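Notes for the one structure printed next.
The values are calculated or read from the model by the stated rules, or taken from the named source; none is laboratory data. From a predicted model like this one, the values you see are computed outputs, not experimental measurements. We place every Cβ from the backbone using ideal geometry, glycine too, and count neighbours over all the protein chains shown. We work out accessible area using only protein heavy atoms, side chains counted, and drop any ligands, DNA or RNA first. Shrake-Rupley method; radii C 1.70, N 1.55, O 1.52, S 1.80 Å.
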Amino acid sequence: MELYMGGIPVGPGNRPYIIAEMSGNHNQSYEQAIEIATAAKRAGANALKLQTYTPDTLTIDSENKDFFISEEDSLWTGETLYSLYEKAYTDWDWVRNIHEYCKKIELECFSSVFDETSIEFWEKLSPCAYKIASFENIHYPLIRQAAETGRPLIISTGLASEDEIDEAVSVARDGGCKDLVLLKCTSDYPASVDDANLASIPCLAQKYQCIVGLSDHTRGNHVALASVALGASIIEKHFTKSRSHEGVDSAFSADETELSKLVEEVVYFKKAVGSESFGVSINEEKSLRYRRSIYAVADITQGEIFSSENIRIIRPGFGLHPRYWQSIIGKTSEHSYTKGDRIKLSEVEPSLS
């Protein structure tokens, strides 16, 4: 199971693909957006992800209480949805220019899409994939439109019930999606480690037979790194050049130092996961000599009885495997041995029959 994003193979057998999510951390500054792209490249990210919408494609400008963010612990308490999206959205002319800049610095650039106009816009830019955000994973017409482009489709599963994930996957595949990725996601900002539930990752992979990953809203890299051990092939982190810029998502975004460490450390975690393997690795072969085996611990004459007084299971491991201990103890020795000689299978086989 493998797909390609910008020529890079993505899937269980490959290095985890790292996506830096700019979101609204540019603070309505094009220069800051370019700095974020540059920092993402420096940190070693595989791709920069944007969000392509306008406030009017997401909601309406209304003072109705339904449209206010009222949670006391929210980063955006007191904002209306419209005012928040006004601060967070990326000018579409910037999107085009950022995409062009990323091409120059050899950094993939693609986007979350939110309606048909953003898909039409990005189709002219030939992105390596499309992303469906958690809040959009029940927007089935949008999923179908993105799937119909034939590009890899990444869907975050935050907030979705299992039935809703079933529906989203079905719509994507019915729309012609051949390269599907599901990202485990906790749609809380910042998200608690207690809510990460990374055990869902192998479940998603098994049930939907697709590539899986993590859209991580927790602070730090611990959850992202743990996800690799459970099969995450893609990790998406909100990203800012520096949290001192105080963008709309900066409180839970990785900065350049953190993302650099993540890019470096996922390689080690991936290597450590390895594959299902038992027995001796090439590097372990030299250690076999330090296992236990059966040796003569006293001089033994031919015809003498093997006993715990004259043979023992000791280190090193050049002698007879300990599995034969019960079979030869009490049997007559067919050979003579000097203390320190190995007991060999060929020498005791007649007595084992």
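Taking strands (runs of 3 or more DSSP E) that fall entirely within segment 132-246, which contain at least 2 residues that are touching a Cys at 6+ places or on another chain (Cβ under 8 Å)? Break it down into steps so the answer makes sense when it comes.
On the way: elements: 153-156, 180-185, 211-216, 234-238.
Here the list reads 153-156, 180-185, 211-216.
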Hits in segment 156-180 - residues which are out of contact with any Leu (no Cβ under 7 Å at 6 or more places or on another chain) and within 24 Å of G24 (Cβ to Cβ): G158, L159, A160
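Tell me the residue from G319, G274, G279 that is free of Cβ contacts under 8 Å to residues at least 40 places away in the same chain, of a type outside the set (D, E, K, R) and under 30 Å from T218 (Cα atoms), please. It would help to see each step written out before you state the result.
Details: G319 fails: under 30 Å from T218 (Cα atoms); G279 fails: under 30 Å from T218 (Cα atoms).
Just one listed residue meets the conditions, G274.
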How many residues of segment 54-77 are part of a loop (DSSP other than H, G, I, E, B), over 27 Å from the mean Cα position of the chain (by Cα) and surrounded by 14 or more Cβ atoms within 10 Å (Cβ to Cβ)? The answer is 4
Options S112, S118; residue that is of a type in the set (S, T, N, Q), at pLDDT 95 or above, open to solvent by less than 10 Å² (accessible area, probe 1.4 Å) and touching an Asp or Glu at 6+ places or on another chain (Cβ under 8 Å): S112
Going through segment 242-264 one residue at a time, which ones are buried (at least 24 other Cβ atoms within 10 Å of the Cβ) and at pLDDT below 85? G247
Quick check: is even one residue across segment 23-35 assigned to a helix (DSSP H, G or I), in contact (Cβ under 8 Å) with a residue 12 or more places away in the chain and open to solvent by less than 10 Å² (accessible area, probe 1.4 Å)? yes
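Of everything in segment 268-282 that's farther than 23 Å from A224 by Cβ and of a type in the set (A, V, I, L, M), which residue is most open to solvent (accessible area, probe 1.4 Å)? Break it down stepwise before answering.
Just the residues of segment 268-282 that are farther than 23 Å from A224 by Cβ, to begin with: 276-282.
Now narrow it down to the ones that are of a type in the set (A, V, I, L, M): 280, 282.
On the way: V280: 79, I282: 141 Å².
Restricting to residues being farther than 23 Å from A224 by Cβ and of a type in the set (A, V, I, L, M), the top hit is I282.
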Pairs, please: C-beta under 8 Å, at least 6 apart or cross-chain, first residue on the phi > 0 side of the Ramachandran plot and in segment 143-166, second part of a helix (DSSP H, G or I) and open to solvent by 40 Å² or more (accessible area, probe 1.4 Å)? L159/F135
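In segment 315-331, what count of residues is obtained for those that are basic (K, R) and touching a Phe, Trp or Tyr at 6+ places or on another chain (Cβ under 7 Å)?
Of the residues in segment 315-331, the ones basic (K, R) are 315, 323, 331.
Those still in the list that are touching a Phe, Trp or Tyr at 6+ places or on another chain (Cβ under 7 Å) too: 315, 331.
Here the count works out to 2.
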For segment 304-315, name all the residues that are in contact with a strand residue (DSSP E or B) (Cβ under 7 Å, 6 or more places away or on another chain) and farther than 12 Å from S351 by Cα. N310, I311, R312, I313, I314
Options Y189, Y140: the member that is open to solvent by 50 Å² or more (accessible area, probe 1.4 Å) and either free of Cβ contacts under 8 Å to residues at least 24 places away in the same chain or more than 21 Å from S233 (Cβ to Cβ) (or both): Y140
